[in-house]
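Structure first, then comments.
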Amino acid sequence: MKLSVIGCGYLGAVHAASMAELGHEVVGVDVDWQKIGLLAEGRAPFFEPGLPEVLTSAIATGRLTFTTDMAEAQGASVHFIAVGTPQRKGEAAADLSYVDSAVNALLPYLSSGDLVVGKSTVPVGTASRLVEKLNGSGADLAWNPEFLREGFAVEDTIRPDRLVYGVPEGEGGDRATALLNEVYATAIANETPLVVTDYATAELVKVSANAFLATKISFINAMAEIAEVTGADVTKLADAIGFDARIGRRFLNAGVGFGGGCLPKDIRAFAARAEELGRGQSVAFLKEVDAINLRRRDRVVELALDALHQEPLGKKVTVLGLSFKPDSDDVRDSPALDVAVRLKGLGADVIATDPQAIENSRRLHPQLAFEETTAAALTGASVVVLVTEWSEYRDLDPSEVAQLAPAATVIDGRNCLDPQAWRSAGFTYVGLGRP
Ligand code: UDX
């Protein structure tokens, strides 16, 4: 099939490349010529494992092209809207201006029978508003949320765990479903669960899934707060409750909390939308979820200050990790970067490192000092704060670190180190919600 993907950021670039990999002919469109320039050369504008390989191989087949010219979307039968919906400046609600301008710019190039497919995460009610814009174009609209995780984005797109189509009632819905089934023929043939529903449900599936995940993380972090005053161990607690199949162990890792371009902004936008709908109370708990999450950052800073006897000035603090999670260079709303910035603001001599996210961090916070290698970052540290659980930090050998930073306090902001091993090597080990 011939597809267009409007918006080549995280979601769109991965979607375009993956769809071409699956055999479709895809044109990716974005207003950012620098991004398009990189993608056209097969280079990913961000770090995502597997993406450069898929880009290069799809471009080589001739099935994948990138352009800044919307006119090239003409002739595609399905047009995906994959632009960002960031948090509005100074507000909780989502900024839909990119979605609106993408649809407006696409309108002149739509033909009768085309399908416009929203993939961006939007407040419920957006699709029924946008469908008005398509009136007269002869094109249908579907909402098809994306559930990709950074670090596994290509895999999640090529082999999704479920497909959700929000379609209109009647013939338009049948046409949309048929076209989407053709787009996702491989996943459908592999018996991927499919939910065909209305616009509102499809929009809500995405935000409620992210709200649930955020709630699960904040739940265990709330238990960590209780564990901290009772001497209990939140990691054992998570293991024990996780054996209950109804609860499950995944997303029960207590630590410095969630960040990234999705969970924080999505729960805020959801709460704001619920207020608009007169149902603010229904998701009022999301404000608490957000608050618990942010308190965990305070806690890590507090533990570092305790280790420095409240005298951070000029003391060397090594921050291991800057991205919001491992295998990503994304520092949007990153707890790790936030902790580094706050410790620096308190006067500590912060040296931060990360396998991929230094460049993005430096751009936002040029006041921070960075080291490329873990060893250089660790040398002479009084306090080591591990805030992103990259495998190279999880696998650090305490006896080797002891040569570089003897007797340091190690604050394990992701509860991913073996306390015993670190204590035996002479460190003061402090986890979150662990004795
Ligand atoms: C998330 C959703 O998982 C995905 O389905 C959606 O499409 C986009 O948002 P992503 O932002 O890539 O994906 O990250 P995810 O793996 O969900 O992690 C989010 C944050 O939660 C990270 O900061 C991570 O460190 C944190 N986290 C995750 C925890 O603190 N504890 C956990 O147990 C799991």
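The values are calculated or read from the model by the stated rules, or taken from the named source; none is laboratory data. Model, not experiment: these values are computed from the prediction. Heads up, the Cβs are rebuilt from the backbone with ideal geometry, glycines too, and the neighbour counts pull from every protein chain shown. Only protein heavy atoms, including side chains, enter the accessible area calculation; ligands, DNA and RNA are left aside. Shrake-Rupley method; radii C 1.70, N 1.55, O 1.52, S 1.80 Å.
One equal scatterer on each Cα of the range 295-431, no solvent, Debye formula: the resulting log10 I(q)/I(0) at q = 0.12, 0.13, 0.17, 0.20 Å⁻¹ is -0.38, -0.45, -0.80, -1.16. Summary value for the chain: 12 percent relative contact order, contacts being C-alpha pairs under 8 angstrom separated by 6+ residues. Each Lys or Arg adds one and each Asp or Glu takes one away; over the other residues whose Cβ falls under 12 Å from the Cβ of Pro435, this sums to +1. Putting +1 on Lys and Arg Cβ atoms and -1 on Asp and Glu Cβ atoms, find which of Ser111, Phe46, Leu163 reaches farthest to the positive end of the dipole of the range 2-197. Of Ser111, Phe46, Leu163, it is Phe46.
Modelled spin labels at Ser57 and Leu194, positioned 7 Å past Cα toward Cβ, are 2.5 nm from each other. Projecting the Cα positions of Ala142, Ala187, Leu96 onto the charge dipole of the chain (unit charges on Cβ atoms of Lys, Arg, Asp and Glu, taken about the Cα centre) puts Leu96 furthest along the positive direction. Distance between Cα centroids, the range 368-410 to the range 316-360: provide it in whole Å. Measuring centre to centre over Cα atoms gives 13 Å.
Restricting to bridges with both residues inside the range 1-139, how much of the DSSP beta-bridge set is antiparallel, in percent to the nearest 5?
Restricted to the range 1-139, the bridges split so that about 5 percent are antiparallel.
Note that the chain presents 43 Å² accessible area per residue, ligands and nucleic acids not counted, probe 1.4 Å. Separation between the Ser391 and Arg159 pseudo-spin-labels, each 7 Å from Cα along Cα→Cβ, expressed in nm? The answer from the label model is 1.7 nm. Along the Cα-to-C-beta direction of Ala105, a point sits 7 Å from the Cα; which residues of the range 120-163 have their amide N less than 16 Å from that point? The answer is 120, whose backbone nitrogens lie closer than 16 Å to the label point.
For the chain, the share of accessible area belonging to carbon and sulfur comes to 54 percent (1.4 Å probe, ligands and nucleic acids excluded). Rounded to the nearest Hz, the phi-derived 3J(HN,Hα) couplings of the range 64-80 under the Karplus curve 6.51 cos²θ - 1.76 cosθ + 1.60 (θ = phi - 60°) are 10, 10, 10, 8, 9, 9, 4, 4, 6, 6, 5, x, 6, 8, 10, 10, 8, where x marks glycine and proline. In this label model, Ala407 and Asn135 are separated by 7.6 nm, measuring between points 7 Å along each Cα→Cβ vector. To the nearest 0.05, what FRET efficiency results for Glu371 and Arg423 with a Förster distance of 30 Å applied to their C-beta separation? The value I calculate is 0.75. With contributions of -39500 (n - 2.57) from each DSSP H run of at least four residues, the per-residue ellipticity at 222 nm computed over the chain stands at -13000 deg cm²/dmol. Quotient of the Cα radius of gyration of the chain and 2.2 N^0.38 Å, N being its number of residues: 1.05. Kindly count the pairs of lysines across the chain whose alpha carbons are less than 20 Å apart, treating pairs on different chains or eight or more residues apart as eligible. For the chain, qualifying lysine pairs total 18.
Counting only Cβ charges, +1 for Lys and Arg and -1 for Asp and Glu, the dipole size of the chain around its Cα centre is about 840 debye. The order of Arg296, Arg246, Arg279, Arg149 by accessible area, most exposed first and with a 1.4 Å probe, is Arg246, Arg279, Arg149, Arg296. Can you tell me the 0 to 90 degree angle between the C-alpha axis of helix 10-21 and the longest principal axis of the chain, rounded to 10? With rounding to tens, the tilt is 60 degrees.
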